[in-house]
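Student: Here's a structure for you.
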Amino acid sequence: MANTELVAELLASIKQHHYGPDVAHVEIHGNEVLGVHLVPGLEVSSRSLPDGVAVEIRVQRGVHIKNPVHFCFGLLPNQGVQRILSHTVIEEGASARFIAHCTFPNAVDVQHRMEAEIHIGKGASLGYFERHVHGPRGGVLIVPKTKVYLEEDARYTTEFELIEGAAGTVELDYEGVCKAGATLDMKARLYGRLEDTIHIREAVRLEGEGSTGVLTSHIALKDRAQATIENEIIAEAPFARGHVDCKEIVQGEAQARAIPIVFVKDHRAHVTHEAAIGSVDSKQLETLLSRGLTEDEATDLIIKGLLS
Amino acid sequence: MNLLELKQVSLIKGGKALLRDVSVDIWEGYVHAVIGPNGAGKSTLAQTIMGLSGYRDIEGDIRFQGESIKGLSVDERARRGITLVFQEPARFEGLGVVDFILAGAKKKERPVVEEALSIVGLDPARYMGRAVDRTLSGGERKRIELASVYAMQPRLLLMDEPDSGVDIDSIQHIFTVIQKLKEQGTTVLLITHSPDVLKQADHAFLLCAGMVVDKGPMERMYEYFNGKCTPCTHIGFPEVDKN
């Protein structure tokens, strides 16, 4: 299949068909970069590896990229391995938003491995939204590992969303380190079905004075899906602030486990933690039942809200 | 004409009789109130009519539009036209106001949401993009709850302590909606121990220790709030009624 056809098919699988000229986008199918369209201030380069592809991304100092930059990572055949090593630098005072679409619509035996390192310069910001679109069979192994380094007053927000299709096996591991005044906000929203196995580790070290970290995991599980969520905040500087929010709705024979770790090394720091794991909240359910929804309809609506 | 009839309804939970031989007729098209001291069984009565979990195993019968609903689940009762507004409405993380209001709406159309929010005094432009979550105040949450009921257009609305946790502005909007729903044919049953809320009713029942001890037009029943709680058997249950 020609590259243009592959790109078209990748984009169709995420219901995206074309981008305007002022929208930067990068398409990677398997371990091959098929297309790159850049805007001023954004640099993207790639090189092939024996078992993957390495991608360098840089937003130049002081540049504010107006439109989100779209990355489409995917594999259309039902088998194969995609391994991406990415290195991203957001230079001092720059800002950008990245939207990564990860699509494996036909997966039966597919692996998607991402090893990412992100450096966000002083006063810079990056928003990273990663949406996965999987097929109904769940034959996917997803292993995203990301390390984020935030300089003073930098800001990083990330959302990992896997709601459509069966998750398969997910091994998500995100780590962040915040210098003074930096803010890191990580959110994971997943829906596990059938035999899906989800393991999420989100960790942040607040090493700078006044730094902030928020870790949010909202998970819904049904059938025989299983999830383990590890949220870890280490606050080691004065006036560091952290919060962990873990909510999991469990239905059917699904199982969920949450392991929060909160470690405060400075008496002027403050970290909070909240977790709720179990069935759908009875008051929420009864409210919707008393509006005439069936139990299944009410549960779906509550989960839709939790994962939105 | 009776929309709802409770016939000798008793409910025992944990060895305690929460409702005792309660028989009431709820006339269609009126606003009724159930008044009484704390622990009298007022909220229990509303939850029993709605058929909530833990309030289903009753003696006696509940008939709605002439048919027994005793064996029906909450959602089946709701689809017959009964709904309940809780004293403390639930909050739903992430669930949008629009989705929440449309969930039980008779017509699943966006203008229905706009109208419902306007009726309860909330600007649709400000609230349609929000979630029914902890960012809403108690008054806002209660008004959105009522907006969802307005969109549902129930035959019978059960409201548990409509003035609980709301400011003066919110309560005026809530009263307006109660009267508006009445005009549109909804029968309302208010659970309250507030004189102001009772004034919204045409007729009231006085509940004490799980029993209906008096009933009558609102004006006469209002005397309850002047300390004239008679007749009253004061049989010593629950404990709070002894004093």
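Each value in this text was obtained by applying a stated rule to the coordinates, not by laboratory testing. Keep in mind the model is a prediction, meaning the values are calculated, not measured. Here Cβ is always computed from backbone atoms with ideal geometry, including for glycine, and neighbour counts include all displayed protein chains.
Student: Among DSSP beta bridges lying fully in the range A:3-281, give the percent that are antiparallel, nearest 5.
Tutor: On the way: 13 of 149 bridges.
If I count the DSSP bridges inside the range A:3-281, around 10 percent turn out antiparallel.
Student: Round to the nearest 10 and give me the degree value, 0 to 90, for the angle of helix B:138-152's Cα axis relative to the longest principal axis of chain B.
Tutor: Long axis of B:138-152 versus the principal axis of chain B: about 90 degrees.
Student: Also: Tell me, how many Å apart are the Cα centres for the range A:272-308 and for the range A:35-83?
Tutor: What the calculation gives is 38 Å, centre to centre.
Student: Once you list every other residue whose beta carbon is under 14 Å from the beta carbon of A:ALA269, what net charge do they have if Lys and Arg are +1 and Asp and Glu are -1?
Tutor: Taking every other residue near A:ALA269 into account, the sum is 0.
Student: Now, a different point. Pull up the DSSP beta bridges for chain B and report the antiparallel fraction as a percent, rounded to 5. Could you put the intermediate results ahead of the total?
Tutor: Working: 23 of 40 bridges.
Around 60 percent of the beta bridges assigned by DSSP in chain B are antiparallel ones.
Student: Based solely on its DSSP helices, what 222 nm [θ] is calculated for chain A when runs of n ≥ 4 H residues each add -39,500 (n - 2.57) and the sum is averaged over all residues, nearest 500 deg cm²/dmol? Walk me through the numbers before you get to the answer.
Tutor: Values: 3 runs with 31 residues, N = 308.
Rounded to the nearest 500, it is -3000 deg cm²/dmol.
Student: Work out how much length B:GLN87 to B:ASN2 would gain on full extension: take 0.36 nm times their residue separation and subtract the Cα-Cα distance, in nm to one decimal. List each step's numbers first, then the result.
Tutor: Details: separation 85, 0.36 × 85 = 30.60 nm, distance 2.55 nm.
Result: 28.0 nm gained on full extension.
Student: Over all Cα pairs of the range B:1-150, how is the pair count split among 10 Å bins, expressed in % and running from 0 up to the last occupied bin?
Tutor: Taking every Cα pair in the range B:1-150, the percentages come to 10, 34, 31, 21, 4, 0.
Student: Among DSSP beta bridges whose residues both lie in the protein assembly as shown, state the antiparallel percentage, nearest 5. Walk me through the numbers on the way to the answer.
Tutor: On the way: 36 of 189 bridges.
Bridges in the protein assembly as shown that DSSP calls antiparallel: roughly 20 percent.
Student: Would you mind checking the range A:77-95 for residues with the amide N under 19 Å from a putative spin-label position 7 Å along Cα→C-beta of A:GLN60?
Tutor: Within reach of a label on A:GLN60, which here means backbone N under 19 Å from a point 7 Å along Cα→Cβ, the range A:77-95 contributes A:88-95.
Student: Still on this structure: Based solely on its DSSP helices, what 222 nm [θ] is calculated for chain B when runs of n ≥ 4 H residues each add -39,500 (n - 2.57) and the sum is averaged over all residues, nearest 500 deg cm²/dmol? Please report the intermediate quantities before stating the final value.
Tutor: Numbers: 9 runs with 76 residues, N = 243.
-8500 deg cm²/dmol, from helical runs alone.
Student: Further question: Cross-link candidates for A:LYS179: which lysines have Cα within less than 22 Å, leaving aside residues fewer than 8 places away along the same chain?
Tutor: Counting by Cα, and skipping residues close in sequence, A:LYS179 has these lysines nearby: A:LYS122, A:LYS145, A:LYS147, A:LYS187, A:LYS265.
Student: What angle do you read, to the nearest 10 degrees and between 0 and 90, between the alpha-carbon axis of helix B:110-119 and the longest principal axis of chain B?
Tutor: 60 degrees
Student: Pull up all non-local amide H partners of A:VAL89: gap of 5 or more, or a different chain, and H-to-H distance under 5 Å with H placed in the peptide plane.
Tutor: A:ILE57, A:ARG58, A:VAL59, A:HIS119
Student: Here's a follow-up. What's the FRET efficiency of A:ASN78 with A:GLU295 using the Cβ-Cβ distance as r and R₀ = 56 Å, to the nearest 0.05?
Tutor: Details: r = 36 Å, r/R0 = 0.64.
That gives a FRET efficiency of 0.95.
Student: OK, next. Determine the dipole magnitude for chain A: charges of +1 sit on the beta-carbon of Lys and Arg, -1 on that of Asp and Glu, nothing else is charged, the reference point is the Cα centre, and the result goes in debye to the nearest 20.
Tutor: Value, rounded to 20: 300 debye.
Student: 7 Å from Cα along Cα→Cβ at both A:THR169 and A:LEU194: what's the point-to-point distance in nm?
Tutor: Placing both labels 7 Å along Cα→Cβ, they lie 1.5 nm apart.
Student: Return, for the Cα atoms of the protein assembly as shown, the radius of gyration and Dmax in Å, separated by a comma.
Tutor: Final numbers for Rg and Dmax: 28.7, 91 Å.
Student: Now for a different question. With a bin width of 5 angstrom, please list the P(r) values of the range A:1-100 as percents of all Cα-Cα pairs, from the 0 bin to the one holding the largest distance.
Tutor: Distribution as computed: 3, 12, 24, 24, 19, 12, 6, 2, 0 percent.
Student: Please report, in debye to the nearest 20, how large the charge dipole of the range B:35-153 is about its Cα centre when each Lys and Arg carries +1 at its beta carbon and each Asp and Glu carries -1 there. Show your work: numbers first, answer last.
Tutor: Values: 18 positive and 16 negative charges, 25 e Å.
The dipole magnitude comes to about 120 debye.
Student: Would you mind checking the pairs A:LYS283/B:LYS70; A:LYS66/B:LYS107; A:LYS15/A:LYS222 and listing those with alpha carbons more than 28 angstrom apart? Show your work: numbers first, answer last.
Tutor: On the way: A:LYS283/B:LYS70 21 Å; A:LYS66/B:LYS107 40 Å; A:LYS15/A:LYS222 26 Å.
Checking Cα-Cα distances, A:LYS66/B:LYS107 exceed 28 Å.
Student: Over the Cα atoms of the range B:103-154, compute the convex hull volume and normalise it per residue, giving Å³. Numbers along the way, then the final one.
Tutor: On the way: hull volume 3.8 nm³, N = 52.
So the per-residue hull volume is 73 Å³.
Student: I've got another one for you. Over the range A:3-281, what is the relative contact order in whole percent, taking alpha-carbon pairs under 8 Å and six or more residues apart? Walk me through the intermediate numbers first.
Tutor: Numbers: 931 pairs, mean separation 28.8, N = 279.
Reported relative contact order: 10 percent.
Student: Then there is this: Checking the cross-link filter: which lysines have an alpha carbon closer than 17 Å to that of B:LYS180, excluding same-chain neighbours under 8 positions apart?
Tutor: The qualifying lysines are B:LYS106, B:LYS142, B:LYS199.
Student: With unit charges on the beta carbon (Lys/Arg positive, Asp/Glu negative), name the residue among B:GLY121, A:VAL148, A:VAL7 whose Cα is farthest towards the positive pole of the charge dipole of the protein assembly as shown.
Tutor: B:GLY121
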